[in-house]
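Asker: Below is one structure. I have some questions about it.
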Amino acid sequence: MTRGRGANGERIGAGVQSDQASKPIGVFDSGFGGLSVLRALVDLLPHESFAYVGDTGRYPYGPRPLEEVAGFAHQITRFLVDEVGVKMVVVACNTASAAALDELVAEAPVPVIGVIEPGVRAVAAATSKGRVGVIGTTGTISSGAYQRASATVSPQTKLFCAACPGFVEFVERGETDSDQVHVLAERLLSPLRGKGIDSLLLACTHYPFLARTIGDVMGRSVLLVSSADETAFEVKRILESSGASAPASGVGAQVYYSSGDVEWFRSTGRRLFGQDLDNVVQVVWE
Ligand code: DGL
């Protein structure tokens, strides 16, 4: 099996076969956060179909040991590849990317990309002072994955990292700009104020849904950056370079798999994603 590299030199694992063009792209997260990445993917690649797994029955991943999250990531990737038949997998979750991306890249029979390197590239391009904040779950921040990726991709950038436990739970409840989340943001983001940062990387795919609150607390001089767009461009480059893009004559469809309550997924997902989630299917892990 040929193991390839993306346009930016990162390892993506197996090549994608051109005869797989009409297959969907798999995307997964612990819950609703990956919808921020799916939004960018659907907007950039309207002809592609997507299969999204929101592991809402087991969220949040952030406080769990990384080995446990890695087990979930392997299980979901196997489901997407073996049962759904996707042509590539986007790990739209920083915690799962930090826990398992290297192993998934090495083992999966389709290309696998995460959100960490795209995020680092996006924030390195955005900063003019070279001083950036990075906020994520406890698992992501304590893994050191951002420091390692930044040392490779953009060694001149100085990172100031902070874990934000509790943010994900607010998003999963669909509560994105309440007084309570504002108070929490004031407390969690205070270590980053006064550090002279000009950009803040939202290194958890749930956090773009809190952008208004985070932006209010950090002030207008700090640019908020997410990995979503850069990840979508990376997917586009991989598909184009392997001749595996869906035919431009087609219209893509989305199917959603939730390991939690399907009605909750449909209603909260619609609010966060900005469109009806028609095709939501229950998934039960063995
Ligand atoms: N959205 C995820 C991330 O990017 C996971 C959040 C969680 O489940 O704690 O890290």
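The values are calculated or read from the model by the stated rules, or taken from the named source; none is laboratory data. Keep in mind that what you see is a predicted model, and the values were worked out from it rather than measured. Backbone-built Cβ (ideal geometry, glycine too); neighbour counts: all protein chains shown. Only protein heavy atoms, including side chains, enter the accessible area calculation; ligands, DNA and RNA are left aside. Shrake-Rupley method; radii C 1.70, N 1.55, O 1.52, S 1.80 Å.
Asker: Could you tell me whether the stretch 53-66 includes any residue that is away from the ligand (no atom under 16 Å from the Cβ) and part of a helix (DSSP H, G or I)?
Answerer: Filtering the stretch 53-66 down to residues away from the ligand (no atom under 16 Å from the Cβ) leaves none.
Checked against the condition, which is being away from the ligand (no atom under 16 Å from the Cβ) and part of a helix (DSSP H, G or I), the stretch 53-66 yields no hits at all.
Asker: What single numbered condition from (1) under 19 Å from G62 (Cα atoms); (2) surrounded by fewer than 19 Cβ atoms within 10 Å (Cβ to Cβ) fails to hold for K158?
Answerer: With (1) under 19 Å from G62 (Cα atoms); (2) surrounded by fewer than 19 Cβ atoms within 10 Å (Cβ to Cβ) applied to K158, the lone miss is (1).
Asker: Quick check on my filter: what residues within the stretch 247-286 are of a type in the set (G, A, S) and surrounded by fewer than 21 Cβ atoms within 10 Å (Cβ to Cβ)?
Answerer: Of all residues in the stretch 247-286, those of a type in the set (G, A, S) come to 248-250, 252-253, 258-260, 267, 269, 274.
Across the stretch 247-286, the qualifying residues are A248, S249, G250, G252, A253, G260, S267, G274.
Asker: Can I ask one more? Can you confirm whether G144 is surrounded by fewer than 21 Cβ atoms within 10 Å (Cβ to Cβ), more than 14 Å from the ligand (Cβ to nearest atom) and within 24 Å of G31 (Cα to Cα)? Spell out how you get there, then give the answer.
Answerer: Values: surrounded by fewer than 21 Cβ atoms within 10 Å (Cβ to Cβ): yes; more than 14 Å from the ligand (Cβ to nearest atom): yes; within 24 Å of G31 (Cα to Cα): yes.
So G144 passes the test.
Asker: Between a first residue in the stretch 175-190 that is open to solvent by 30 Å² or more (accessible area, probe 1.4 Å) and a second residue that is outside any helix (DSSP H, G or I), which pairs have beta carbons less than 9 Å apart while being 6 or more apart in sequence or on different chains?
Answerer: Close Cβ pairs satisfying both conditions: S190/A162.
Asker: Answer yes if at least one residue in the stretch 193-200 is crowded, with 22+ Cβ neighbours inside 10 Å and under 15 Å from the mean Cα position of the chain (by Cα), and no otherwise. Please lay out each step first, then the result.
Answerer: So in the stretch 193-200, the residues crowded, with 22+ Cβ neighbours inside 10 Å come out as 197, 199-200.
Retained after the next criterion (residues that are under 15 Å from the mean Cα position of the chain (by Cα)): none.
For the stretch 193-200, residues crowded, with 22+ Cβ neighbours inside 10 Å and under 15 Å from the mean Cα position of the chain (by Cα): absent.
Asker: Looking only at the stretch 41-65, count every residue that is closer than 20 Å to E172 by Cβ and buried (at least 19 other Cβ atoms within 10 Å of the Cβ) and tell me the total.
Answerer: Total satisfying the criteria: 10.
Asker: Among the residues of the stretch 81-92, which ones are out of contact with any Gly (no Cβ under 6 Å at 6 or more places or on another chain) and under 13 Å from D29 (Cβ atoms)? Don't jump to the end; show me each part of the working.
Answerer: Taking the stretch 81-92 and keeping what is out of contact with any Gly (no Cβ under 6 Å at 6 or more places or on another chain), we get 81-85, 87-88, 90.
The answer is V90, and nothing else.
Asker: Tell me, yes or no, whether the stretch 250-258 has at least one residue that is under 27 Å from F167 (Cα atoms), within 16 Å of the ligand (Cβ to nearest atom), among the polar types (S, T, N, Q) and not in a strand (DSSP E or B).
Answerer: no
Yes or no, residue by residue, for (1) of a type in the set (A, V, I, L, M, F, W, C); (2) touching a strand residue (DSSP E or B) at 6+ places or on another chain (Cβ under 9 Å):
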position: A108; (1), (2): yes, yes
position: P111; (1), (2): no, yes
position: A124; (1), (2): yes, yes
position: S128; (1), (2): no, yes
position: R131; (1), (2): no, yes
position: G136; (1), (2): no, yes
position: F160; (1), (2): yes, yes
position: P165; (1), (2): no, no
position: D179; (1), (2): no, no
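Asker: Hey, another quick one. In the stretch 205-218, how many residues are within 16 Å of the ligand (Cβ to nearest atom) and open to solvent by 10 Å² or more (accessible area, probe 1.4 Å)?
Answerer: 3
Asker: Consider only pairs whose beta carbons are under 8 Å apart and that are at least six residues apart or on different chains; among these, list those whose first residue lies in the stretch 107-127 and is of a type in the set (K, R) and whose second residue is assigned to a loop (DSSP other than H, G, I, E, B).
Answerer: Between residues of the stretch 107-127 that are of a type in the set (K, R) and residues that are assigned to a loop (DSSP other than H, G, I, E, B), the close pairs are R121/N8; R121/S154.
Asker: Going by what's in this entry, would I135 be described as within 16 Å of the ligand (Cβ to nearest atom), buried (at least 20 other Cβ atoms within 10 Å of the Cβ) and under 15 Å from V120 (Cα atoms)?
Answerer: Details: within 16 Å of the ligand (Cβ to nearest atom): yes; buried (at least 20 other Cβ atoms within 10 Å of the Cβ): yes; under 15 Å from V120 (Cα atoms): yes.
Criteria met by I135.
Asker: Consider L239 carefully, then state whether it is over 17 Å from L35 (Cα atoms), assigned to a strand (DSSP E or B) and among the aliphatic types (A, V, I, L, M). Give the derivation first.
Answerer: Details: over 17 Å from L35 (Cα atoms): yes; assigned to a strand (DSSP E or B): no; among the aliphatic types (A, V, I, L, M): yes.
Answer is no for this residue.
Asker: Of everything in the stretch 219-239, what is closer than 29 Å to E186 by Cα, surrounded by fewer than 23 Cβ atoms within 10 Å (Cβ to Cβ) and small (G, A, S)? Give them in sequence order.
Answerer: G219, S221
Asker: Among residues belonging to the stretch 19-31 that are over 10 Å from the mean Cα position of the chain (by Cα) and hydrophobic (A, V, I, L, M, F, W, C), point out the one that is surrounded by the most Cβ atoms within 10 Å (Cβ to Cβ).
Answerer: Among those residues, the one meeting the criterion is I25.
Asker: Of the residues that sit in the stretch 1-54 and are among the polar types (S, T, N, Q) and more than 24 Å from T137 (Cβ to Cβ), which one is modelled with the lowest pLDDT? Explain how you work it out, then say what you get.
Answerer: From the stretch 1-54, those among the polar types (S, T, N, Q) are 2, 8, 17-18, 20, 22, 30, 36, 49; that's our starting set.
When the remaining residues are screened for being more than 24 Å from T137 (Cβ to Cβ), the result is 2, 8, 17-18, 20, 22, 49.
Working: T2: 38, N8: 63, Q17: 69, S18: 65, Q20: 84, S22: 90, S49: 97.
Within the stretch 1-54, the match that is modelled with the lowest pLDDT is T2.
Asker: Restricting attention to the stretch 78-88, does a residue exist that is touching a residue at least 40 places away in the same chain (Cβ under 8 Å) and within 16 Å of the ligand (Cβ to nearest atom)? Working first, answer last.
Answerer: Initially, the stretch 78-88 is screened for residues touching a residue at least 40 places away in the same chain (Cβ under 8 Å), giving 79-81, 84-88.
Filter once more, keeping what is within 16 Å of the ligand (Cβ to nearest atom): none.
There is no residue in the stretch 78-88 that is touching a residue at least 40 places away in the same chain (Cβ under 8 Å) and within 16 Å of the ligand (Cβ to nearest atom).
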